[in-house]
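Taking it in order: structure first as C-alpha cells, then the write-up.
The values are calculated or read from the model by the stated rules, or taken from the named source; none is laboratory data. Just so it is clear, the structure is predicted and the values come from calculations on it, not from any experiment. Cβ atoms come from the backbone with ideal geometry, glycine included; neighbour counts cover every protein chain shown. Just the protein is used for accessible areas: all its heavy atoms, side chains included, with ligands, DNA and RNA removed. Shrake-Rupley method; radii C 1.70, N 1.55, O 1.52, S 1.80 Å.
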Amino acid sequence: MIKRALVILAPGFEEIEAVVPIDLLRRAKIEVVVAGILPGVITGSRKIRIIPDYDLGDVLEEHFDCIILPGGAEGAENLKKDIRIKELLERQILKGGWVAAICAAPGCLINFGLFPSNKFTCHPSIKAEIPLSRLEENSSVVVDGNLITGRAAGSAIEFAFEIIRQLVGEEAVMEVNRSFLSSLPMLGSIRKE
C-alpha cells in the first residue's frame, strides 16, 4: 500500500523546509499532497510562490500516514491560528499516525497542547516555547514516538530522509540517495525513545 504524506503550507512558510521533503518523499514513491491553509498561491518567507495541490479544507477527511509542518517564523504563527490544523493533528495522533515538524513549526505542537511528553528539537529562536526538559537543542532531527522534529532549514534533507525511513524503511532511503548523493542518510535517527 502506498504511503501518503500531507505537507501544509501557510503564508510565510520556509521554502526549503517544504520543498525538500516534498521532493525527497516523492522520489521515495510516497504520495505527497501539498495543501495550503488559504486557497491559491502561498508565498513563502523568501517570497517564493508555491501553488498547493489543494486547499486544506479539501483534504481534511483524507487519510495520511504523516502530516508535515514546515517552519518559518511567520508560517508557524499562521499555522497556530488555524484551528483546523489542531483538529487534524489530534486525529492523526489518535490513530497513531506520524507528525513531522521542523524549525519554528514544533512551537505549533506545543501551542496546541500536543505531544505533552515527547522530546523536540527546533530553531533556536523558539526554544523558549519548548519545556527545557523536553528540548534536544543540539540535535538536527529528533524522533520520539510518532513525532519527528527538525531543527532548521539546514536540517531539511536529514529531516526528509528520516520521514522516509519511518514510513517506508531504510532501503527506500538508500534507493533515493543513489541518485541524490547526500552523505546524510547514513546517519539514521538521531534519537529514538
Tell me, which residue of region 168-182 that is open to solvent by less than 60 Å² (accessible area, probe 1.4 Å) and of a type outside the set (A, V, I, L, M) is farthest from LEU25 (Cα to Cα)?
SER182
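One line per residue, one yes/no per condition, for (1) part of a loop (DSSP other than H, G, I, E, B); (2) open to solvent by less than 10 Å² (accessible area, probe 1.4 Å):
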| site | (1), (2) |
| --- | --- |
| LEU38 | yes, no |
| GLU61 | yes, no |
| ILE67 | no, yes |
| GLY71 | yes, yes |
| GLU74 | no, no |
Taking region 77-87 and keeping only residues that are surrounded by 16 or more Cβ atoms within 10 Å (Cβ to Cβ), in contact with a helix residue (DSSP H, G or I) (Cβ under 7 Å, 6 or more places away or on another chain) and without any contact (Cβ under 8 Å) to a residue 60 or more places away in the chain, one is left with LYS80
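Listed here are the residues, each with its yes/no results for (1) among the hydrophobic types (A, V, I, L, M, F, W, C); (2) touching a Gly at 6+ places or on another chain (Cβ under 9 Å).
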site: MET1; (1), (2): yes, no
site: ALA28; (1), (2): yes, no
site: LEU38; (1), (2): yes, no
site: LEU69; (1), (2): yes, yes
site: GLY75; (1), (2): no, yes
site: GLU87; (1), (2): no, no
site: GLN92; (1), (2): no, no
Go through (1) assigned to a strand (DSSP E or B); (2) touching a Lys or Arg at 6+ places or on another chain (Cβ under 9 Å); (3) not hydroxyl-bearing (Ser, Thr, Tyr) one by one and return the number of the condition GLU175 breaks.
(1)
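Can you tell me which residues in region 144-164 are over 17 Å from ILE22 (Cβ atoms) and surrounded by fewer than 24 Cβ atoms within 10 Å (Cβ to Cβ)?
Here is the first cut: in region 144-164, the residues over 17 Å from ILE22 (Cβ atoms) are 144-147, 149, 151-152, 154.
Scanning region 144-164 gives ASP144, GLY145, ASN146, LEU147, ALA152, GLY154.
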Of the candidates ILE163, ILE67, ILE148, the one satisfying the condition of being closer than 24 Å to LEU38 by Cα, touching a strand residue (DSSP E or B) at 6+ places or on another chain (Cβ under 8 Å), in contact (Cβ under 8 Å) with a residue 40 or more places away in the chain and among the β-branched types (Val, Ile, Thr) is ILE67
I'd like to check something: does region 93-102 contain any residue that is of a type in the set (Gly, Ala, Ser), more than 13 Å from the chain's Cα centre (by Cα), surrounded by 23 or more Cβ atoms within 10 Å (Cβ to Cβ) and within 24 Å of SER182 (Cβ to Cβ)?
no
